[in-house]
1. Any chance the range 5-25 includes a residue that's of a type in the set (S, T, N, Q) and free of Cβ contacts under 8 Å to residues at least 12 places away in the same chain?
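Nothing in this text is a laboratory measurement; each read-out follows from the coordinates by a stated rule. Bear in mind that the values here come from a model prediction, so they are computed numbers and not experimental data. Using ideal geometry, Cβ is built from the backbone for each residue, glycine included, and neighbour counts are taken over all protein chains shown.
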Amino acid sequence: MRYALPAGTTFFMTFLVSGVATWRALGMAPSMFGTWMTSWAISWLIAFPTMVIMMPRVRCWLGRIIEDG
């Protein structure tokens, strides 16, 4: 579960966000799909390790905030 949740979350989020950003930048150009897939792969390679590193810290910080609140 340690890697499954960050993998699934970043997979779908980067897919959607990179798709919208590519569509906004290029419109429905013939090269849109290829550009989108390249952008998605790059963004996922950045997002996944970031999420693996940050998720436990954020969970801890939120636990402190919620328990103190």
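1. Looking for residues that are of a type in the set (S, T, N, Q) and free of Cβ contacts under 8 Å to residues at least 12 places away in the same chain, one finds none in the range 5-25, hence no.
Let's see how each residue does on (1) surrounded by 15 or more Cβ atoms within 10 Å (Cβ to Cβ); (2) in contact with a helix residue (DSSP H, G or I) (Cβ under 7 Å, 6 or more places away or on another chain); (3) not β-branched (Val, Ile, Thr):
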position: 9; (1), (2), (3): no, yes, no
position: 29; (1), (2), (3): no, no, yes
position: 32; (1), (2), (3): yes, yes, yes
position: 48; (1), (2), (3): yes, yes, yes
position: 51; (1), (2), (3): yes, yes, yes
position: 61; (1), (2), (3): no, no, yes
position: 64; (1), (2), (3): no, no, yes
position: 67; (1), (2), (3): no, no, yes
